[in-house]
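These notes concern the structure reproduced below.
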Amino acid sequence: MSQPPGNPGDVVSDAARRSHPVVRGFLAIVGLTYVGLAIWCSVAPDQTASAVGFTLAPGSGQSEFFVVYGGLELALGIAFLWPLRRPSDTEFALRLCCLVHSCLVVFRTASFLKFTDIGATTYSLAAGEWIILIGTYVMWFLWTRNREAETT
């Protein structure tokens, strides 16, 4: 095992480090997507809300949308970008990505069965959620395969 430069305390094997560029790159793309959505939701909340079928009530509605869609999406973005700073946290971020997007896909699918008149933006978001979920499972496969190769 060796220590990557610049991250004292992060001890990562050579095989695990080789998998990091692909897995961390994927997580970085997901993270940047969430940061972008957080910015869009924070800078143009009325436009963003309207795109997904919300009408924001002045005051409380705007505050709630700003906090949940701006703040929570920013937090997710940072969590998915975190392994760029601390590679030893890559597995946690990958597991979190799987958990978050599994829940989103389950609830999104249920919403399509329960509700009608769903707009195009919502379908685009659903497609993105599915793509991220499938990508996360592919990354998990690569991650675990690399860990297995490391132990044999």
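The values are calculated or read from the model by the stated rules, or taken from the named source; none is laboratory data. Keep in mind that this is a model prediction, so the values were computed, not measured. Because the Cβ atoms are built from the backbone with ideal geometry, glycine has one as well, and the counts that use them run over all protein chains shown.
Points to keep in mind about this one:
- Verdict on residue 46 being of a type in the set (Asp, Glu), outside any helix (DSSP H, G or I) and at pLDDT below 95: no
- A single member of 136, 90, 48 is in contact with a Cys (Cβ under 8 Å, 6 or more places away or on another chain) and closer than 18 Å to residue 31 by Cβ, and it is 136.
- Taken together, 105, 138 contain a single residue that is crowded, with 16+ Cβ neighbours inside 10 Å, farther than 17 Å from residue 32 by Cα and modelled with pLDDT of 95 or more, which is 105.
For every residue, the table says whether it meets (1) aliphatic (A, V, I, L, M); (2) under 17 Å from the mean Cα position of the chain (by Cα); (3) farther than 23 Å from residue 20 by Cα.
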position	(1), (2), (3)
55	no, no, yes
59	no, no, yes
65	no, no, yes
72	yes, yes, yes
77	no, yes, no
98	no, yes, no
116	no, no, yes
126	yes, yes, yes
139	yes, yes, no
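- Among the residues examined, residue 40 does not qualify as aromatic (Phe, Trp, Tyr), under 14 Å from the mean Cα position of the chain (by Cα) and surrounded by 13 or more Cβ atoms within 10 Å (Cβ to Cβ).
- Any chance residue 68 is of a type in the set (Val, Ile, Thr), within 20 Å of residue 40 (Cβ to Cβ) and free of Cβ contacts under 8 Å to residues at least 12 places away in the same chain: yes
- Residues satisfying the stated conditions in the stretch 68-102, i.e. among the β-branched types (Val, Ile, Thr) and modelled with pLDDT of 95 or more: 78, 100
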